[in-house]
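Here's the structure, in structure tokens; my notes come after.
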Amino acid sequence: MIILPAIDIKDGNCVRLFKGDFSTVEKVASDYLETARSFENAGAEWIHMVDLDGAKEGRPVNNKIYTDVAEKTNLKVELGGGIRSLETIREYLDMGISRVILGSVALKNPKLVRDVVEKFGSEKIAVGIDAMNGMVATEGWLETSDVNYIDLANQMIKSGVKYFIFTDISKDGTLTGVNKEQLKALADGTENCNIIASGGVHTMDDIITCKEMGLYGTICGKSIYKGTLNLKEAVEYACE
């Protein structure tokens, strides 16, 4: 299993939100590049980054920050937020981003997902499924649909998607543990895909839970910044 330490960017700052609420924004680090390098020094090979401004505005906003991390560290950058077009995906991949995350557009424009998987390959594309009470949320979590998260995943699998990032919004930024039930239901309800858990990671217990479920990866954000999870220890355990 891989561990993906996270940096969310808003107004150029490294922040975390509570349950995806933009009014709860909290600055958690002063320098994104220094933070990314600390993740690399702890043994991480991947970093999960989110353009919160982009997610809200539906377009890329903080491009330089992500390309800086891709160029100035050895980390593989997984990036989401405001990615709505084939052109944007091409630009990010050309800039050295390793994997782009499609969120709202997966629900609203499934043809684009099929097209980009076919053009760039399944290794370069992940679909972020963010759910509230099991229903998919979109537009920076500002809207909730009537589509079940497992149904969306299976629709995306038919389009060639192999990587999914599942976030239970009610857990995100809360340090209350991952949603084991929904993650297990997603794993049991899908085939031939790689699931990355996101939201609620608190301690090593969550890393152990995700690994025992056979998940592909786990994203860790606030737990690292608050010191409830030792990144080096998590990476070493996940790699065993």
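The values are calculated or read from the model by the stated rules, or taken from the named source; none is laboratory data. Bear in mind that the values here come from a model prediction, so they are computed numbers and not experimental data. Neighbour counts run over all protein chains shown; Cβ positions are idealised from the backbone, glycine included.
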Seminar exercise, completed: Among helices (runs of 4 or more DSSP H) entirely inside region 132-240, those with 3 or more residues being within 28 Å of Y32 (Cβ to Cβ) and out of contact with any Lys or Arg (no Cβ under 7 Å at 6 or more places or on another chain) are 204-212, 222-226, 231-239
Seminar exercise, completed: Scanning region 187-220 residue by residue, those under 16 Å from the mean Cα position of the chain (by Cα), touching a residue at least 40 places away in the same chain (Cβ under 8 Å) and farther than 16 Å from V235 by Cα turn out to be C193
Exercise. Out of curiosity, is S159 among the small types (G, A, S), surrounded by fewer than 22 Cβ atoms within 10 Å (Cβ to Cβ), without any contact (Cβ under 8 Å) to a residue 40 or more places away in the chain and in contact with a helix residue (DSSP H, G or I) (Cβ under 9 Å, 6 or more places away or on another chain)?
Worked result: no
Exercise. Of R99, R114, R90, which residue is surrounded by 15 or more Cβ atoms within 10 Å (Cβ to Cβ), out of contact with any strand residue (DSSP E or B) (no Cβ under 8 Å at 6 or more places or on another chain) and either under 29 Å from V235 (Cα atoms) or at pLDDT 95 or above (or both)?
Worked result: R114
Seminar exercise, completed: When (1) under 17 Å from the mean Cα position of the chain (by Cα); (2) not in a strand (DSSP E or B) are applied to V127, the one that fails is (2)
Exercise. Do you know which residues across region 213-240 are closer than 21 Å to A153 by Cα and of a type outside the set (F, W, Y)?
Worked result: M213, G214, L215, G217, T218, I219
Problem set entry | Of residues in region 53-83 being of a type in the set (A, V, I, L, M) and modelled with pLDDT under 90, the one surrounded by the fewest Cβ atoms within 10 Å (Cβ to Cβ) | V61
For this session: Working carefully through the options K180, K184, find the one that is touching a helix residue (DSSP H, G or I) at 6+ places or on another chain (Cβ under 7 Å) and either surrounded by fewer than 22 Cβ atoms within 10 Å (Cβ to Cβ) or free of Cβ contacts under 8 Å to residues at least 24 places away in the same chain (or both).
Result: K180
For this session: Sort through D31, D53, D130 and tell me the only one that's closer than 21 Å to Y163 by Cβ and among the acidic types (D, E).
Result: D130
Problem set entry | In region 221-240, the residues that are of a type in the set (K, R) and within 14 Å of the chain's Cα centre (by Cα) | K222
Exercise. Taking region 117-134 as the search range and keeping residues that are surrounded by fewer than 23 Cβ atoms within 10 Å (Cβ to Cβ) and of a type in the set (D, E), which one is farthest from K171 (Cα to Cα)?
Worked result: E118
Exercise. Here are some residues: D130, D168. Which one is acidic (D, E), within 22 Å of L4 (Cβ to Cβ), in contact (Cβ under 8 Å) with a residue 24 or more places away in the chain and touching a helix residue (DSSP H, G or I) at 6+ places or on another chain (Cβ under 8 Å)?
Worked result: D168
Problem set entry | Residue ranges of strands (runs of 3 or more DSSP E) in region 1-104 with at least 3 members farther than 18 Å from A137 by Cα | 2-10, 13-18, 21-29, 46-51, 76-80
Problem set entry | Residues of region 226-236 classified as at pLDDT 95 or above and either among the hydrophobic types (A, V, I, L, M, F, W, C) or touching a strand residue (DSSP E or B) at 6+ places or on another chain (Cβ under 9 Å) (or both), total | 4
